[in-house]
Amino acid sequence: MKWLKSGATILVLAMPSYAQAASPEELVGRPMIAAEAGATAGRGPVGARFPAGEARRALRPSMPLGQFAGALAGLKPDARAATRGPREAEIYRKASPAVVLVVSGEGVGSGVLVGADGKIVTNLHVVGPAPEVGVVFKPAVEGAEITKADLRLAKVVKRDGPADLALLQVDDVPAGVAPLPIAGVDELQIGADVHAIGHPGGGQWIYTRGVVSQIRRNYQWAFDDSSHQATVVQTQTPINPGNSGGPLLDDQGRVVGINSFLAEGEGLNYAVSGDDVKAFLAREGDRGALPAPVSDDAGTAACEGEVVGFWRKKDPPGDATFMDLDCDGEGDAVFFEPDDESEPFDVRVDVDGDGDVDTVLIDEDRDGAPDMGLYDVDDDPGPDLVGYFKDGEDEPYLWERYVPEEDE
């Protein structure tokens with residue numbers, strides 16, 4: 001496979017800026033907390049439904065730990081140990097003791113120890129409005145049953161609405177359990193391996209591995225009646241309800257993100273970045289929630305792009321349309337339609353505003369939806385990643401490293 005097929009020769013764009021667009025409506029964030037015991041789990045777009053009424057109430061300050069015990073009944077031990085290689089097993093061995101189970105009136109989620117004094121970071125949507133939640137540290141014996149005796153009370157000491165983060169405090173940490181260091185996105189490469197440990201689907205300290213698909217700065221997402229904005233790490237690492245609040249780890253076992261939400265489609269998972277976690281820990285006091293998202297019904301419509309100009313291309317022959325995707329008055333993409341109907345449509349986009357094409361979306365069957373994307377993520381000539389799309393989806397469901405035709 002060449003950088004572009006014959007009908008899709010790359011054009012260098014001559015415009016100065018492209019602002020990363022907010023997440024499209026199809027990629028509205030979804031929380032990833034598992035349903036409490038007694039709830040019916042359903043995949044749907046999120047993968048969990050929560051019990052109504054009394055089980056969803058806000059926790060009172062004096063609520064005893066026994067109120068959390070019922071949520072432990074459905075937990076299952078980690079059944080994936082045999083799938084881990086030596087490197088993955090070592091990452092799991094070192095990091096998993098610092099990953100906690102979080103139990104609240106909102107459901108079951110994950111958290112990670114970031115301070116030797118008992119400070120734990122999780123998602124705000126995991127704890128909800130509760131002043132206190134239950135936490136469980138990993139048993140010394142792998143796969144041991146979790147009981148009420150393993151529960152610790154944790155106070156919710158700080159909240160960050162925009163970044164969907166919460167800070168918990170426990171009075172004591174089990175002997176030998178060390179906090180995990182936090183790393184920023186500048187130390188993370190697109191295509192790098194990343195690892196997650198959490199409690200998806202009632203699982204107990206489940207390990208999964210994937211790759212970094214993209215880093216999205218100042219990304220906006222929403223779920224229910226809350227709106228959020230932070231730098232996020234987009235990853236293929238398999239995560240599901242129950243992973244919320246747990247760590248996304250690099251190969252050094254550092255926390256590079258807090259697994260927070262997923263989007264419609266496969267492999268579209270997002271973690272609030274380590275940079276935002278560091279800023280949250282350094283910030284004094286709470287940070288209030290962003291205004292609730294406004295629907296298009298209220299008169300707010302997303303920018304759909306504007307045509308800047310047209311021209312006729314000779315080699316290969318076809319029509320090119322210059323587009324302003326983010327409606328800032330400057331062109332940042334070219335749509336090309338070859339005259340040869342056997343050749344694909346393509347859209348070439350200058351993502352970072354340096355005047356060069358960074359992303360090429362290819363529509364093989366000319367149905368108006370991308371089938372494949374080529375992505376330059378390190379600013380050298382040519383693409384680094386290939387993404388494959390399913391019909392009607394706006395982000396790839398599968399990513400592969402790009403291999404030039406001559407190297408195949």
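Values quoted throughout were computed directly from the atomic coordinates according to the rules given, and no laboratory measurement underlies them. On a predicted model such as this, the values are computed, not experimentally measured, just so you know. Neighbour counts run over all protein chains shown; Cβ positions are idealised from the backbone, glycine included.
Observations
- Packing-based order for 101-112, 210-221, 391-402, 192-203, using average beta carbon neighbours within 10 Å, highest first: 101-112, 192-203, 210-221, 391-402
- Distant-in-sequence amide H partners of Val377 (H built 1.01 Å from N, under 5 Å): Asp384, Leu385
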